[in-house]
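A short worksheet on the structure shown next.
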Amino acid sequence: MHQSPYVIHRDILLNGMYGTAYRLQEFVLYQLDPCRYIFDIDEHRGGFDSVHLQIYQDMKQWYWDNGPSSAGFKDVAQTLQARYTHEAQANLDELCLLRAMQPDDYPAEPGEIPSDSHRHAVERAEQLHRLFISKGFIDE
């Protein structure tokens, strides 16, 4: 392989908004910091088609051969890290605001009960927060 898969597949790695693209993004973060970001291919292999499995294998081999300072890796990895950290922090900020808010003051859609909408918003933000923690995007 003559060109870095991080350069070749940069668009998928940075802009892909579908399941296997997210898994590839998680793998890049795992390569960046395996103590912080968790990735186990055996949990995802069945969801990878042949194209995305090849991208995974190419990134794994390239990183093995060239290390973390290889072409395109640091840029892609740091961009992903910043993006996911920002999303996790924004969700935590929203969760804190929701917890501080009186449920009846929640701006609900017409016809909805504010306290019910508030409860659902808190549950969603808490679920996302737990997910972000489990993926290493934010600390507890």
### Task
Report the far tail of the P(r) of region 80-134, meaning the percent of Cα-Cα pairs longer than 14 Å.
55
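Of all the Cα-Cα pairs you can form in region 1-118, what percent are over 23 Å apart?
43
Given the Cα-Cα distance of D104 and D42 and 0.36 nm per residue of separation, how much length would full extension add, in nm? If you can, show how the numbers build up before the last one.
Details: separation 62, 0.36 × 62 = 22.32 nm, distance 4.55 nm.
Length difference between fully extended and current span is 17.8 nm.
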### Task
Within 10 Å of each residue's Cβ, count the other Cβ atoms and sort M17, M59 from fewest upward.
M17, M59
### Task
Check every DSSP H run in the chain and write down those whose alpha carbon atoms cover 18 angstrom or more along the long axis and whose mean Kyte-Doolittle hydropathy is -0.5 or greater.
19-32, 73-100
### Task
With springs connecting C-alpha atoms under 10 Å apart, model the chain as a Gaussian network and identify which of P114, P68, P34 has the largest mean-square fluctuation.
P114
### Sorted by Cβ neighbour density within 10 Å, fewest at the top, the residues C96, C35
C35, C96
#### Entry: Where chymotrypsin sites (Phe, Trp or Tyr not before Pro) fall in DSSP loop in region 1-44, at most 12 other Cβ within 10 Å
Y18
### Task
Per DSSP H run of n ≥ 4, the term is -39500 (n - 2.57); total these for the chain, divide by its residue number, and report the mean residue ellipticity at 222 nm rounded to 500 deg cm²/dmol.
-21000 deg cm²/dmol
#### Entry: Ranked H86, H9, criterion: other C-beta atoms within 10 Å, fewest first
H86, H9
## Note on the structure
Per DSSP, the loop-located trypsin sites (Lys or Arg not before Pro) within region 1-88 having at most 16 other beta carbons within 10 Å are R36
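Computed from the coordinates by the stated procedures, all read-outs in this text should not be read as laboratory data. Keep in mind it's a predicted model, so treat the numbers as computed, not measured. Cβ sites come from the backbone with ideal geometry, for glycine too, and all protein chains shown count toward neighbours.
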